[in-house]
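Input: a single structure, listed below in structure tokens.
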Amino acid sequence: MAKQKVNKTKAVREYLKAHSRAKSSEIAEAMTKQGIKITVGHVANIKSKSKKRRRAVKAVVEKRGVGIPEIKAATSQIT
């Protein structure tokens with residue numbers, strides 16, 4: 001049987017929802033126990049990118065009203 005592909009980023013984000021204060025090393029260890037090969041550095045990159053997006057959205061919300069176009073514009077500037 002073919003191996004099923006796993007979305008590592010999605011797995012890390014889901015883990016962070018349940019364990020918001022988890023360190024990168026803890027997350028990498030937990031993912032390895034689940035059978036997902038991921039490095040501590042990759043986890044750190046995923047965490048930092050999500051923080052940047054949250055900050056960008058927060059800045060747009062504070063600056064003016066919240067709307068889908070504004071949020072999309074804020075997140076597209078980061079990627």
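Laboratory data are not the source of any read-out in this text; all were calculated from the coordinates shown. Because the structure is a prediction, the values reported are computed rather than measured. Backbone-built Cβ (ideal geometry, glycine too); neighbour counts: all protein chains shown.
Annotations
- Positive-end residue, region 8-76 charge dipole about Cα centroid, Cβ charges, pick of 30, 59, 20: 59
- Matching the structure-derived semi-axes √(5λ) of the Cα gyration tensor in Å against the labelled list (1) 31, 22, 11; (2) 25, 20, 10; (3) 30, 14, 10 gives the label (3).
- Karplus-derived 3J(HN,Hα), 6.51/-1.76/1.60, for each residue of region 28-35, Hz, glycine and proline x: 4, 5, 5, 5, 4, 5, 7, x
- J(HN,Hα) series, region 10-23, from Karplus relation 6.51 cos²θ - 1.76 cosθ + 1.60, nearest Hz, glycine and proline x: 5, 5, 5, 4, 5, 5, 5, 5, 7, 10, 5, 9, 5, 7
- Adding -39500 (n - 2.57) for every DSSP H run of four residues or longer, then dividing by how many residues the chain holds, sets the calculated 222 nm ellipticity at -22000 deg cm²/dmol.
- The distance between label points at residue 17 and residue 63 comes to 2.8 nm (points 7 Å beyond Cα on the Cα→Cβ vector).
- This model, with +1 at the C-beta of Lys and Arg and -1 at the C-beta of Asp and Glu, gives region 8-76 a dipole about its Cα centre of some 160 debye.
- Straight-line cross-link reach from residue 51 at under 25 Å between alpha-carbon atoms covers these lysines, not counting any fewer than eight positions away in the same chain: 8, 10, 17, 23, 37, 63, 72.
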